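Below is one structure; the comments refer to it alone.
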Amino acid sequence: MPLYEYCCEHCDGIFEALRPMREAADPVPCPVCDRDGERIMPTTFTAFTFREGYPRRLPDKGTYWHLGKEVKSRIKGPARPFEHPELARPKSPPRRSKGDLEVAREKRHLQTKEAQRVRSSSGRRRSSR
Ligand SMILES: [Zn+2]
């Protein structure tokens, strides 16, 4: 059965319903208020209705829509424009393997050794003058 979209004027929301093609034009009860929802054409699809100024979709799962993506919460606090924190999670730093850590330790060891060598040689040079 094809999926059709219906609009409830009372709730000012849209919902989808699977219906046989010959019944597609008939009104479908709204999942929220049970009033008749009229079928809307995909071409006249006017995005979503708004809750607290944010788009939502019926049946209302308590979620919000952000640039066509479903999100659980509104943007709170600072966020970059057009970037929802739920969708743009900061990437965790790459995990370092045991080998990498050993290489880093070795490098640090060599650096301190080198620093000590430079310090002692410059000290010698100064004393020879
Ligand atoms: Zn309704």
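The values are calculated or read from the model by the stated rules, or taken from the named source; none is laboratory data. Predicted model, so just to flag it, every value in this text is computed and none were measured. Cβ atoms come from the backbone with ideal geometry, glycine included; neighbour counts cover every protein chain shown.
Listed by first and then second residue, the pairs with beta-carbon distance under 9 Å, at least 6 apart or on different chains, first residue in the range 82-104 and modelled with pLDDT of 70 or more, second part of a loop (DSSP other than H, G, I, E, B) and among the aromatic types (Phe, Trp, Tyr), form an empty list. Meeting the requirement of 2 or more residues that are under 21 Å from Leu87 (Cα atoms) and at pLDDT 60 or above, the strands (runs of 3 or more DSSP E) wholly within the range 13-70 are 64-66. For first residues located in the range 10-25 and assigned by TED's automatic domain parsing to the domain that holds Tyr64 and under 9 Å from Gly37 (Cβ atoms), partners that are of a type in the set (Gly, Ala, Ser) and within 16 Å of the ligand (Cβ to nearest atom) and lie 6+ apart or on another chain with Cβ distances below 9 Å form the pairs His10/Gly37; Cys11/Gly37; Gly13/Gly37; Ile14/Gly37; Phe15/Gly37; Ala17/Gly37.
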